[in-house]
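Down below is the structure, laid out as structure tokens.
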Amino acid sequence: MANGFDPRVTASPQPIAVGRDQVAVHEGLRSHMLSVYNYMASGVLLTGVIALGLAATGVAEQIFFGGGILKWVVIFAPLLMIFLLAARANRMSQGGLQAFFWSFAAVMGVSMSLIPLVYSGTSIATTFFATSAAFVSLSLWGYTTKKDLSGFGTFLLMGLVGLVIAMVGNLFIRSDTLSLVISFVGVLLFAGLTAYDTQKIKSIYFQVAGSDMLGRAAILGALTLYLDFINMFQFLLSFLGSRE
């Protein structure tokens with residue numbers, strides 16, 4: 001949900017040379033995007049394994065229903081980590097960003113270990129596959145469309161900030177109506193962000209191709225799409241999920 005706080009640079013795709021240069025650029029872009037998606041998919045897998053493991057062993061139940069402050073630490077830790085990344089991303093090495101990415105995916109797994117305790121396994125699986133299909137379609141569209149999506153950036157960022165504020169407030173208000181509104185807006189918002197962020201990752205490639213920043217850009221891009229997927233899944237689960 002804190003995807004908008006990821007420090008990135010907006011850019012438009014640069015002209016591509018013809019002939020051999022064009023082939024080289026296309027191959028480089030393909031390799032870069034494959035690296036981004038591999039990181040992202042591996043992060044989602046790690047999150048899922050940790051969430052299911054903690055739920056199956058009873059650790060998640062102790063965290064979320066055992067009382068104490070640990071529950072709130074787990075809930076807010078991912079958001080705090082994103083704020084930390086926003087402040088330090090430009091000073092972090094590629095190795096540091098890798099360590100942060102895997103640590104963040106693991107912490108998200110702990111945070112999401114509540115889900116198997118609340119929703120049925122069938123509805124979780126159904127929502128996961130629905131999210132995957134939507135994500136692939138939206139990301140592919142963002143990658144291939146000729147339409148410049150950069151103009152939506154400010155609108156999406158404002159919507160993201162408002163969504164985070166509403167979610168934090170609803171932790172204390174506990175309004176079912178507001179929860180439904182948040183979930184509906186969240187699905188639409190992260191659907192838009194998936195396409196927007198994919199195009200942005202593609203655009204950034206043309207800025208950093210051939211430099212030592214390419215590896216860092218791949219990790220940050222993967223984290224961005226990871227957040228889009230995870231958040232879309234959670235909001236969609238609010239509609240499709242069957243509670244235990």
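Each value in this text was obtained by applying a stated rule to the coordinates, not by laboratory testing. This one's a predicted model, so the numbers in the text were calculated from it and none came from an experiment. Note that we place each Cβ from the backbone using ideal geometry, even for glycine, and neighbour counts take in every protein chain shown.
Relative contact order of the range 10-240: what whole-number percent is it, with Cα pairs under 8 angstrom and at least 6 residues apart? Write down the numbers at each step before the final one.
Values: 202 pairs, mean separation 79.0, N = 231.
So the answer I get is 34 percent.
In plain terms, the residue of MET108, MET213, MET40, MET33 with the fewest other Cβ atoms within 10 Å comes first and the most crowded comes last, giving MET213, MET33, MET108, MET40.
Rg and Dmax, both from the Cα atoms of the chain and both in Å, are 18.4, 64.
Annotation: peptides 181-187, 62-68, ranked by per-residue average of other Cβ atoms within 10 Å with the highest first, follow the order 181-187, 62-68.
Taking R0 as 30 Å, what's the FRET efficiency between ILE165 and LEU240 from their Cβ-Cβ distance, rounded to 0.05?
Numbers: r = 25 Å, r/R0 = 0.84.
That gives a FRET efficiency of 0.75.
You can think of it this way: the chain between GLN207 and TRP141 has 21.6 nm of extra reach, that is 0.36 nm per residue less the Cα-Cα gap. Within the chain, what's the longest stretch lacking trypsin sites (Lys or Arg not before Pro) that sit in DSSP loops with no more than 14 other Cβ atoms inside 10 Å? Result, exposed sites excluded: 1-145. Estimated at 0.36 nm per residue, the fully extended path between MET92 and ASN38 surpasses their Cα-Cα distance by 17.3 nm.
Given Cβ point charges of +1 (Lys, Arg) and -1 (Asp, Glu) and nothing else, what value in debye, to the nearest 20, does the dipole of the chain about its Cα centre take?
On the way: 13 positive and 10 negative charges, 61 e Å.
That gives the chain a dipole magnitude of about 300 debye.
Projecting the Cα atoms of LEU54, MET232, SER175 onto the charge dipole of the chain, computed from C-beta unit charges around the Cα centre, puts MET232 farthest toward the positive end.
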